[in-house]
Amino acid sequence: MGVVGNARQFLSGTKKDSASKPPYLLPLRSSTTLIVLTVNLAIFTDIFYYALVIPVIPFSLTVQVGIPEDQVQHWTSILLACYSVALFIGSPIAGLYADHTSSRRWPLLIGLVALAASTLLLCFGNSIGLLVLGRILQGFSASVVWSVGCALLVDTMDSAVGVAMGYVMTSMSVGLLIAPVIGGAVYGAVGYYPVYYIAFGIVAVDVLLRLFMIEKKVARQWIREEEPSPSETEKPSRDVEKAVSTIGSRTEDAPQDAVAASVVAGSAQTRQPKTGPEPEKAADIPQQDSRDPSPVPQSPAKPRPLVVLLKSPRLLAALYGVVVQAGIMMGFDAVLALFVQRTFHWNSTAAGILFLAIFLPGFVSPLVGWLSDKYGAKWPSFAGFCFTVPLLVCLRFVTESTIGHKVLLGFLLGLLGTALAFSNTPLMAEISYVIEEKAAENPGVFGEKGVYGLGYGLFTMAFALGGTIGPLWAGYVVASAGWGTMTWSFAVWAASGAVVIVVWLGGQVKKPEKPPVGPRESG
């Protein structure tokens, strides 16, 4: 029991009794740097594995399963759809589970088990049913990583949520950049199975980091053990704590302590005064005696957190923007390689290098996140969608196999990648801004643990929906009406995203400031 207990405490970081010793290397294991690194590696692993196996799926269908050549495209599309469907369905479930469990690390570990099982099935599966199951598990793993990982980052980062989401987008860009190149090169050089050996190696590193990490809220039980607070068991969740500061910045006349007290009291019963009426005045109060005390008014039933979030036009605008941005980005994944092959007569290697132009600008995402934290999500995202529109329209002018048209395509794709980074990163941060706003308006509405998992589950659902619509839209339009029609139709879609963002998305985020002392105050 001693060995098992010690191992369990090392893995979970939770205190079993007052005599328990803190886990080894607790400050390092619960540091912000390690948590951010772990979450970003988890997201990189998911995206890397997703993009790594795409170049070899057609070969696994023919060599491993024996699918006829004329059915490879059909089954490839089905396998891609299985991933998107699992991601769409699993994201809110993973988010809800993360919000109701004591630790966000355990859902991440469950997702890692699903990813390992998916890797085994896709590597050694010799039937179409096993490959379909492998892609479903891969989609489920992605839903856990994105929903729970983003929520864990928000729990960890105090005020730099936008910067944290920028790192997430950078991790995604790195995975999308290097995975197809590595997958294609390894398959061409040493064959099918070594491609998956790379995936196993990255998953192993991911396992070690997720087991080593300890969440900050778990580490606090060791840090605070010497001076327990009388109300520590009723400490509000992080979104409620942020609500206190938000209300405090908006209500300048009320002291911060009073506002905090009202927030914490929002989830408790109304306290009655202990002192009764004065003796000489007690008789003047009609029908109020000790036998029939005044009934405490029943508080109305709390609305469900999901209903509260979905009633927010600000959140719905952010989710629509995510659908549009993901649809445009994934749409080019489906048609760009085939377009340059037919127009420029490029091989798959040259087409893969061209994707660098779209994904390299993703490295500006931390800067975009910083702008979102400083000025709010609306204007950076709106600027990204506005710049996306003319770039998509201009892509229709790439029609010939000349040096000028090739340079023009690369230049426009590079600018498009930058615009898409500006579009998406602020929307990721906006999810947490909306939750904080709702917690400020309705103290206690999200309960003790908050709803960041659910919020980012909805974000991942929107991303999956865009990733399903975009390739279908792009492929159908290119096949029926051509490249030029596809690009301007995407431009119209991006314009609709800009309109929704500017009308409904939140404005500037202001940190709480002490009001200036003096008679000049604007209401």
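Every read-out reported here was derived from the displayed coordinates using simple, explicitly stated rules and does not represent laboratory data. Since we're looking at a predicted model, the values are computed, not measured. All Cβ positions, glycine included, derive from the backbone under ideal geometry; neighbour counts span all protein chains shown.
Observations on the structure shown:
- Model label sites at residue 63 and residue 189, defined 7 Å from Cα along the beta-carbon direction, differ in position by 1.6 nm.
- Local electrostatic count at residue 317 - Lys and Arg +1, Asp and Glu -1, tallied over other residues with Cβ under 10 Å: +1
- Using the average count of surrounding beta-carbon atoms within 10 Å as a protection proxy, the listed peptides 27-33, 444-450 rank, highest first, as 444-450, 27-33.
- Within the shell of other residues whose beta carbon sits under 13 angstrom from the beta carbon of residue 399, the net charge comes to +2, with Lys and Arg scored +1 and Asp and Glu -1.
- With the highest mean first, a sort of the peptides 486-492, 365-371 on other beta-carbon atoms found within 10 angstrom per residue produces 365-371, 486-492.
- Mean separation of Cα contacts under 8 Å, 6 or more apart, over the residue count of segment 22-219: relative contact order %: 40 percent
- Positive contributions from Lys and Arg (+1) and negative ones from Asp and Glu (-1), summed over other residues with Cβ under 13 Å from the Cβ of residue 146, come out at 0.
- Charge-dipole axis of segment 22-219 as Lys and Arg at +1 and Asp and Glu at -1 on Cβ define it, positive-most pick from 157, 64, 197: 157
- Separation of segment 337-403 and segment 430-461, taken as the distance between their Cα centroids, equals 31 angstrom.
- Overall shape: prolate for segment 22-219, with the ratio a/c of the largest to smallest alpha carbon gyration tensor axis at 1.5 or above and a/b above b/c.
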